[in-house]
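Peer 1: Mind having a look at this structure? Questions to follow.
The values are calculated or read from the model by the stated rules, or taken from the named source; none is laboratory data. Keep in mind the model is a prediction, meaning the values are calculated, not measured. Quick reminder, even Gly has a Cβ in these numbers, built from the backbone with ideal geometry, and neighbours come from all protein chains shown. The accessibility values were calculated without ligands, DNA or RNA, using every heavy atom of the protein model including side chains. Shrake-Rupley method; radii C 1.70, N 1.55, O 1.52, S 1.80 Å.
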Amino acid sequence: MQVVYQRCAGLDVHKKTVVVCVLITEASGTVQKHIRTFLTMTADLFALDEWLQSIQTTHIAIESTGVYWHPIYNILEEGRTVVLINPQQTKAVPGRKTDVKDAEWLADLLRHGLLKASFIPPQPIRELRELARYCKTLVQERAEADQSAAKSLGRGEHQAGIGGY
């Protein structure tokens with residue numbers, strides 16, 4: 001099979017750890033494999049970024065469920081191609097039972113250009129979405145505080161709100 005990316009990494013992301021497999025294809029066709037596990041604390045993610053830069057990784061595939069991929073993507077996206085992969089796309093293969101094997105499988109699929117990236121909006125849009133979500137949370141918290149205050153004053157919910165006291 002044709003190698004599309006010479007220096008690529010597969011990341012299997014979990015709540016507390018990130019398992020990374022980097023595949024480097026030499027000019028002779030041999031493949032160097034580097035495997036490491038990092039914690040998901042910010043300092044550890046910056047160490048992951050530095051390590052990937054030091055071995056000149058150009059393409060990264062991230063497999064994650066939930067929102068655990070967000071900080072990793074934000075740290076790694078600058079200066080390289082990072083793709084988020086839907087876990088359903090890679091789980092159909094039997095026999096892969098460990099995080100290391102998952103990371104290796106991701107790196108190998110990426111190396112051969114066999115992964116389809118999920119859509120991730122550009123950073124300004126992501127920041128705007130985050131701000132909108134934060135605003136929504138503040139509005140909800142305010143409404144809950146109004147209702148709580150109204151209940152403690154013995155008023156009904158219909159009287160709660162601005163000027164309802």
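Peer 1: Lysine pairs in segment 33-144 8 or more apart or on different chains: how many have alpha carbons under 19 angstrom apart?
Peer 2: Numbers: LYS33/LYS97; LYS33/LYS101; LYS91/LYS101; LYS91/LYS116.
Step by step, the pairs that qualify in segment 33-144 add up to 4.
Peer 1: Here is a follow-up. Could you tell me which residue out of GLN123, SER54, GLY154 lies farthest along the dipole of the chain toward its positive end? Charges go on the beta carbon: Lys and Arg +1, Asp and Glu -1, centred on the Cα centre.
Peer 2: Toward the positive end, the furthest listed residue is GLY154.
Peer 1: Taking a 1.4 Å probe, which of VAL3, VAL82 shows the most accessible area, and what order do the others take after it? Kindly include the intermediate steps, with their values, before the conclusion.
Peer 2: Values: VAL3 40, VAL82 15 Å².
Accessible-area ranking of VAL3, VAL82, largest first: VAL3, VAL82.
Peer 1: Sticking with this structure for a sec: In the chain, what percent of the accessible surface is made up of carbon and sulfur (1.4 Å probe, ligands and nucleic acids excluded)?
Peer 2: 55
Peer 1: Out of all DSSP beta bridges with both ends in the chain, state the antiparallel percent to the nearest 5. Don't skip to the end; give the middle numbers.
Peer 2: On the way: 16 of 26 bridges.
Around 60 percent of the beta bridges assigned by DSSP in the chain are antiparallel ones.
Peer 1: Rounding to the nearest 20 debye, state how big the charge dipole of segment 1-130 is about its Cα centre with +1 on each Lys and Arg Cβ and -1 on each Asp and Glu Cβ.
Peer 2: Working: 14 positive and 14 negative charges, 81 e Å.
Charge dipole of segment 1-130: 380 debye, to the nearest 20.
Peer 1: Could you pull the accessible area for THR58 with a 1.4 Å probe, rounded to 10 Å²?
Peer 2: Solvent-accessible area, nearest 10 Å²: 60 Å².
Peer 1: If I require 15 Å or longer along the helix axis, counting alpha carbons, and a Kyte-Doolittle average no lower than 0.0, what helices from the chain are left? Use full DSSP H segments. Could you put the intermediate results ahead of the total?
Peer 2: Values: long enough: 42-54 (18 Å, 0.11); 99-111 (18 Å, -0.32); 123-152 (43 Å, -0.91).
Qualifying helices: 42-54.
Peer 1: Find the accessible area per residue for the chain; the probe is 1.4 Å, ligands and nucleic acids are left out, and the unit is Å². It would help to have the intermediate numbers written out before the result.
Peer 2: Numbers: 10310 Å² over 165 residues.
That works out to 62 Å² per residue.
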